[in-house]
Amino acid sequence: MAQRPVFIPDLDGPLLVRTANVTFDWFPGLSVSQKQRSIESLQATARQLPGVDRVLEVSSKSKERLGTALSAFNLTLPTSAQPGELSVECAFQGSKVFAQGGPYTDIYDMSPREAKRDDRLRTSGHLTGFRFRGLDWPLEPQTAFYDWLYISALRQHPDLTKRLADYSAFTDIEFNPEKSINCQAYAVALYVSLQKREILDAVTLDKDTFLRFLRDRPISNSQQDDTRQGSLF
């Protein structure tokens, strides 16, 4: 058995995203087929939650092409600083600022897997913030920079975002809230919530507007469940 969060866009209340931590059958092993068996088990359990019918796995292990395309390894931002496009993963890792170095912008030119494994990300002291395209981002609110980066990339891909309305919840089998904070499935759920509330453009206009908006909101994310919704939430 294992436990993973299910992220559900909230379209009416003060919360933007509800988080349900669900327990499901886990199929050990590193193969894609084993991961996908675990995903199927996770999603079957998620569909028992109130208001949840279709669940999209957002990761490179997803069986759905949409879910694979939305992986931070594959989702890209346009850039004029270098040829081609910049993956969300490389943008995030290469923008980290540490007590003893960074940002290491040469990471932008790496593959996403190389970017995530760069030794400097673990040997440069504690994380102090982020710097991307000349703007400095704080560590609080937690996940704010990652979510803004991911949403900024999503907005460049209407062919993907127009299909998100078909889903009521999002998962990422690789995300373990005991080890990580930022989650691509949460960022997708946040995008859907903002879009359906018709405030996406207004609150993502610039860094300060986005940060101010998040600071004024209660957050139910991977580390802070909304216990007001009952035992499942």
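Of note:
- Evaluating SER124 against the criteria (1) under 14 Å from the mean Cα position of the chain (by Cα); (2) more than 23 Å from LEU214 (Cα to Cα) leaves one unmet condition, (1).
- Residue within segment 40-59 that is in a loop (DSSP other than H, G, I, E, B), closer than 30 Å to MET110 by Cβ and within 13 Å of the chain's Cα centre (by Cα) present: yes
- The sole residue among ASP172, ASP136, ASP166 that is under 30 Å from ARG54 (Cβ atoms), in contact with a strand residue (DSSP E or B) (Cβ under 9 Å, 6 or more places away or on another chain), modelled with pLDDT of 95 or more and among the charged types (D, E, K, R) is ASP172.
- The set of residues in segment 168-200 being touching a Leu at 6+ places or on another chain (Cβ under 9 Å), of a type outside the set (S, T, N, Q) and in a helix (DSSP H, G or I) consists of ALA185, ALA187, VAL188, ALA189, LEU190, TYR191, VAL192, LEU194, LYS196, LEU200.
- Scanning segment 103-159 for residues that are part of a strand (DSSP E or B), out of contact with any helix residue (DSSP H, G or I) (no Cβ under 6 Å at 6 or more places or on another chain) and among the aliphatic types (A, V, I, L, M) returns a single hit, LEU127.
- ASP12 vs. criteria touching a residue at least 40 places away in the same chain (Cβ under 8 Å), acidic (Asp, Glu), surrounded by fewer than 21 Cβ atoms within 10 Å (Cβ to Cβ) and under 21 Å from ARG197 (Cβ atoms): no
- Pairs, first among the acidic types (Asp, Glu) in segment 138-163, second modelled with pLDDT of 95 or more, C-beta under 8 Å, six or more apart: ASP147/ASN182; ASP147/TYR186; ASP147/ALA187; ASP147/LEU190
- Number of residues in segment 200-233 that are at pLDDT 85 or above, surrounded by fewer than 18 Cβ atoms within 10 Å (Cβ to Cβ) and within 24 Å of ARG4 (Cβ to Cβ): the value is 0.
- Every residue from segment 69-96 that is within 17 Å of ASP119 (Cβ to Cβ) and either surrounded by fewer than 18 Cβ atoms within 10 Å (Cβ to Cβ) or basic (Lys, Arg) (or both): LYS96
- Residue count for segment 189-199 satisfying the condition of being more than 17 Å from THR143 (Cβ to Cβ) and out of contact with any strand residue (DSSP E or B) (no Cβ under 8 Å at 6 or more places or on another chain): 4.
- Filter pass, LEU66 being out of contact with any Leu (no Cβ under 8 Å at 6 or more places or on another chain), in contact (Cβ under 8 Å) with a residue 60 or more places away in the chain and either among the polar types (S, T, N, Q) or surrounded by fewer than 20 Cβ atoms within 10 Å (Cβ to Cβ) (or both): no
- Among residues of segment 23-43 that are under 16 Å from GLY67 (Cβ atoms) and modelled with pLDDT of 95 or more, none has a Cβ under 9 angstrom from a residue that is loosely packed, with under 13 Cβ neighbours inside 10 Å and of a type in the set (Asp, Glu) at a sequence gap of 6+ or on a separate chain.
The values are calculated or read from the model by the stated rules, or taken from the named source; none is laboratory data. This one's a predicted model, so the numbers in the text were calculated from it and none came from an experiment. Backbone-built Cβ (ideal geometry, glycine too); neighbour counts: all protein chains shown.
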